1. Go through Asp79, Asp74, Asp58 for me and flag whichever is touching a strand residue (DSSP E or B) at 6+ places or on another chain (Cβ under 8 Å) and of a type in the set (Asp, Glu).
2. Might you check whether a residue that is at pLDDT 90 or above and of a type in the set (Gly, Ala, Ser) occurs anywhere in region 21-42?
3. If I ask for residues that are at negative phi, open to solvent by 30 Å² or more (accessible area, probe 1.4 Å) and under 9 Å from the mean Cα position of the chain (by Cα), which ones from region 54-71 would you list?
4. Limited to region 75-93, what total is found for residues that are open to solvent by 50 Å² or more (accessible area, probe 1.4 Å), within 30 Å of Gln45 (Cβ to Cβ) and either part of a loop (DSSP other than H, G, I, E, B) or hydroxyl-bearing (Ser, Thr, Tyr) (or both)?
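The values are calculated or read from the model by the stated rules, or taken from the named source; none is laboratory data. Quantities reported herein were computed from a predicted structural model and do not represent experimental measurements. Don't worry about glycine lacking a Cβ; one is built from the backbone with ideal geometry, like all the others, and counts go over all protein chains shown. To get the accessible areas, we keep the full protein, side chains included, count just its heavy atoms, and leave off ligands, DNA and RNA. Shrake-Rupley method; radii C 1.70, N 1.55, O 1.52, S 1.80 Å.
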Amino acid sequence: MRSLHVFVCLLGLVVLCHSKCFFKELVVKDEKNPPKGCVDEDGKQHGFGSKWVRDCMDCSCTSEGLSCCGKIPDAGTVDVPEECELVVDKETCTVKVVMKSDKAKECKPV
């Protein structure tokens, strides 16, 4: 059971290392009326220092700009044993490694 916990922790590190990130620099158009935050891709205003989740991405707004990083790994960036597969739940932004033959069973680490 301990090795399963280690495997799950390592999978979490893989997510951090292999997720897409982007940064959108804050543009000041009028120095007399500086922005009070960042505008996300949906056009929603977020104040400086705020954090939120959008489409399984952790986003934050600073006086420097808007940054977002994915909470799930990109396809093909995670080494999964041949008898297993990576299952992504985009509603809960979670990832599981399950047996191909029985998706109800989690994969055992090698």
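1. Details: Asp79 fails: touching a strand residue (DSSP E or B) at 6+ places or on another chain (Cβ under 8 Å); Asp74 fails: touching a strand residue (DSSP E or B) at 6+ places or on another chain (Cβ under 8 Å).
The match here is Asp58.
2. yes
3. Listed by number, the residues that qualify are Met57, Asp58, Cys69, Lys71.
4. Of region 75-93, the ones open to solvent by 50 Å² or more (accessible area, probe 1.4 Å) are 75-76, 79, 82-83, 85-92.
Then keep just the ones that are within 30 Å of Gln45 (Cβ to Cβ); that gives 88-92.
Now drop any that are not either part of a loop (DSSP other than H, G, I, E, B) or hydroxyl-bearing (Ser, Thr, Tyr) (or both), which leaves 90-92.
Count: 3.
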